[in-house]
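Participant: The structure under discussion is supplied below as structure tokens; questions concerning it will follow.
The values are calculated or read from the model by the stated rules, or taken from the named source; none is laboratory data. If you're wondering where the values come from, they're calculated on a predicted model, not measured in any experiment. Glycine also receives a Cβ, built like all others from the backbone with ideal geometry; neighbour counts cover every protein chain displayed.
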Amino acid sequence: MDFETFYAKFSDYIKKYGEYSKEEHKIAEEKITSQKSKGSTQRVFLRNGKLVVEDVPEKTLSSELPEEIYLFLDQNIEEYLNASAEDRDKVRKACEDNAFTEFLCKYAYRANEQLKNTKDPIWLTRGVAAISIENFWIDFRDVIGYLHELHTTSNKIGIDPHPIFQRVSAISSQENPRGGPTPLSEVMKSLAK
């Protein structure tokens with residue numbers, strides 16, 4: 001896949017996930033409101049003169065979209081790593097101020113779990129690359145936690161994380177981010193030592 005195709009699909013997923021996330025939050029709010037007002041997730045009513053207690057079916061969203069995005073990133077995140085500095089910046093900026101940055105953190109968490117299970121360093125690369133895209137947009141303290149977990153897991157399973165952190169730090173943003181005081185490239189560089 002070339003970068004333009006990657007970027008077009010990536011941008012489309014950002015939009016779709018934004019809509020998905022809004023619906024996810026709406027369902028969560030409805031659930032909280034329902035539980036606060038009723039004290040439970042059951043409804044009571046009369047049917048044919050008899051008292052009936054019935055569970056209220058929970059609204060849920062299909063997990064197909066997140067799984068589809070996970071698969072897309074699994075197969076294509078290298079496009080970001082191999083892109084020009086200008087194109088990588090374009091990808092990072094596309095994620096600013098939207099729900100997709102949260103998704104990238106979920107992806108990094110998933111990558112860490114896959115790293116534990118498979119012991120394949122590709123998952124370390126994918127997780128660190130996702131954080132490079134996220135670029136401390138949310139809050140640097142949260143994101144550093146994901147980087148630390150990836151680093152710690154790598155060491156525990158016998159993978160030297162330093163070359164991967166070094167590779168990704170070299171292509172990560174060198175600008176001060178919105179969600180923290182230090183550029184992500186510097187933080188990653190410190191983990192590459």
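Participant: Just one of (1) surrounded by 15 or more Cβ atoms within 10 Å (Cβ to Cβ); (2) part of a helix (DSSP H, G or I) trips up N98, so point out which.
Facilitator: Unmet condition: (2).
Participant: Hey, another quick one. If a residue has to be more than 19 Å from the chain's Cα centre (by Cα) and either of a type in the set (S, T, N, Q) or more than 26 Å from P121 (Cβ to Cβ) (or both) to count, how many in region 168-184 make the cut?
Facilitator: Residues flagged as more than 19 Å from the chain's Cα centre (by Cα) and either of a type in the set (S, T, N, Q) or more than 26 Å from P121 (Cβ to Cβ) (or both) within region 168-184 amount to 5.
Participant: When you go through (1) polar (S, T, N, Q); (2) in contact (Cβ under 8 Å) with a residue 24 or more places away in the chain; (3) under 13 Å from L115 (Cβ atoms) one by one for T182, which number turns out not to apply?
Facilitator: Result: T182 passes all but (3).
Participant: Here is a follow-up. Could you go through region 118-137 and let me know if any residue there is free of Cβ contacts under 8 Å to residues at least 24 places away in the same chain, in the same structural domain as A99 (by TED's automatic domain parsing) and farther than 17 Å from I77 by Cα.
Facilitator: Yes, region 118-137 contains a residue that is free of Cβ contacts under 8 Å to residues at least 24 places away in the same chain, in the same structural domain as A99 (by TED's automatic domain parsing) and farther than 17 Å from I77 by Cα.
Participant: Within region 57-91, can you find the residues that are modelled with pLDDT under 95 and surrounded by 15 or more Cβ atoms within 10 Å (Cβ to Cβ)?
Facilitator: Within region 57-91, L65, P66 qualify.
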